[in-house]
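The next block holds one structure in the form of structure tokens; read it before the comments.
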Amino acid sequence: MAREVSGTPPESVISIIGPGMTVVGDCQTEGTVRVEGVVEGSISAGKAVVIGKQGKVIGNVRTQDAVISGHVNGTLIAESRLELQATCQIDGEVHTRRMQLEEGAVLNGTVQMGDKRKASGAASAAPAAGKAPASIDGKRATAAASAGR
């Protein structure tokens, strides 16, 4: 008879990088990572990444869902949902299916939105210049909206 050794499924675990803490190297988990300190390396989380107001990641972030209040310098991939709060600053590429962008958030870089499977088929059917502007919460987004921030 086989017994399960660990009673906590890995996707339900929350790992915390606390204030004043610096991690140099890559972080990987099946669950959630909350960053209140500094990570100098990449983060890969199976469930979610939350970066607090004082949190900073210098590296790439890959997860299902992300809520960013702090700073990310690198490529940010949120495969399902991304929330950029008013206090955040992103310097780098952003790839996500859905995004909520609060007024005051700073995003310096490129944004790709939508389902990758649909996007790869649509890219061959229509030139990039013919694409409609991205929509954020039903409003048109333009490059000029973030210029000068």
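What the table shows:
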read-out	value
The listed residue being crowded, with 18+ Cβ neighbours inside 10 Å and at pLDDT 95 or above, out of Thr110, Thr63, Thr75, Thr87	Thr63
Scan of segment 44-55 for residues that are within 13 Å of Gly20 (Cα to Cα) and either in contact (Cβ under 8 Å) with a residue 40 or more places away in the chain or surrounded by 19 or more Cβ atoms within 10 Å (Cβ to Cβ) (or both), ordered by number	Gly52, Gly55
Some residue of segment 36-43 being of a type in the set (Asp, Glu) and buried (at least 16 other Cβ atoms within 10 Å of the Cβ)	yes
Gly46 being more than 17 Å from the chain's Cα centre (by Cα) and more than 25 Å from Asn108 (Cα to Cα)	no
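The values are calculated or read from the model by the stated rules, or taken from the named source; none is laboratory data. These figures come from a predicted structure and were not determined experimentally. All Cβ positions, even for glycine, are placed from backbone atoms using ideal geometry, and neighbour counts span all protein chains on display.
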